[in-house]
Amino acid sequence: MKEVKAVLFDMDGLIFDTEGLYKACWQSAANEQGLVLTDEDYQSFIGVQDEECERRVAVKFGEALDLERFCQVRDAMFSAEQDKGIPYQPGFAELFAHIKQNGLKCALVTSSPLKKVTHHFAGTDYIAQFDAIVTAENVANGKPAPDCYLMACSKLDIAPANCLVLEDSNNGMRSGLDAGCQAIMIPDLLAPAEDIVSRATSIVDSLLDVKPYL
């Protein structure tokens, strides 16, 4: 590994334990219209911007789906659960403190919109501690395109080779690796794909396992 000067965090499924909740909301919204969104269907959405996922749902169900109603039901369910508080993934607080104590820069790079970022981190000072934040609004091409991670590296003014991406999804890993970053996968709902196993800097069980790489 090259020297790590910055750590670039994904958000959903990596910092927050949200993917299981997202899946339940998407599937319930489909069920509300008598449609079935399978686990396999949802797995292809992980690490992809909502707009593209909605397009895929519309293609899958065609005229049987009222997309506007689907989005309303999904969002209402997620908002109700979100208001109860979204738990952090184990080890985030400890890893973030370790990064700060060692003088490394860090960025948040997410396929979610800024409003979700601010809601998830509400009541904490984490947002102010990120040296850069890249959200869905900032790039035309979301993950697995490398654009978001290239933008984060540029904002930090650190070469991609000296940046370590942390991701839970295969699409996110592809995005970081194609940007030229080092990348560690901490799988959540998705097992690492073959191309990720061969290319990843490492694949570990939790955020606490990242410390030795810094």
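Since every read-out is calculated from the coordinates, none of them should be taken as a lab result. Treat the numbers as computed from the prediction; the structure is a model and nothing was measured. Don't worry about glycine lacking a Cβ; one is built from the backbone with ideal geometry, like all the others, and counts go over all protein chains shown.
Determine the gain in length on full extension of the stretch Asp131-Asp83; use 0.36 nm per residue of separation and subtract their C-alpha separation, reporting nm with one decimal.
Result: 14.6 nm gained on full extension.
Whole Å is fine, so just give me how far the alpha carbon centre of region 171-214 lies from that of region 17-67.
Here the two parts' Cα centres lie 25 Å apart.
Measure up Lys2/Lys116; Lys115/Lys155; Lys2/Lys115; Lys23/Lys143; Lys2/Lys84 against 30 Å on the Cα-Cα distance and list the ones that go over.
Over 30 Å apart, Cα to Cα: Lys2/Lys116; Lys2/Lys115; Lys2/Lys84.
Specify which residue in the list His98, Thr201, Thr18 is farthest towards the positive end of the charge dipole of the chain, using unit charges on the beta carbon of Lys, Arg (+1) and Asp, Glu (-1), about the Cα centre.
Positive-end residue among those listed: His98.
Would you please name the trypsin sites (Lys or Arg not before Pro) within region 1-73 that are DSSP coil residues with at most 14 other C-beta atoms within 10 Å of their C-beta?
Lys2
Compute the normalised compactness of region 1-119: alpha-carbon radius of gyration over 2.2 N^0.38 Å, N being the residue count.
The reported ratio for this selection is 1.25.
Mean separation of Cα pairs under 8 Å and 6+ residues apart, divided by the residue count of region 81-214: what relative contact order is that in percent?
Relative contact order here is 21 percent.
Under 8 Å for C-alpha pairs, at least 6 residues apart: give me the relative contact order for region 1-154, rounded to a whole percent.
About 32 percent, as a whole number.
Give me the percent relative contact order of region 18-84, please, defined on Cα pairs under 8 angstrom at least 6 residues apart.
Dividing the mean separation by the residue count of region 18-84 yields 43 percent.
Is region 139-214 rounded, prolate or oblate when judged by the Cα gyration tensor, a ≥ b ≥ c being the square roots of its eigenvalues, rounded requiring a/c under 1.5 and prolate requiring a/b larger than b/c?
Because a/c hits 1.5 or more and a/b fails to exceed b/c, region 139-214 counts as oblate.
If you restrict to DSSP beta bridges whose two residues both lie in the chain, what percentage is antiparallel, to the nearest 5?
Beta bridges within the chain, antiparallel portion: roughly 5 percent.
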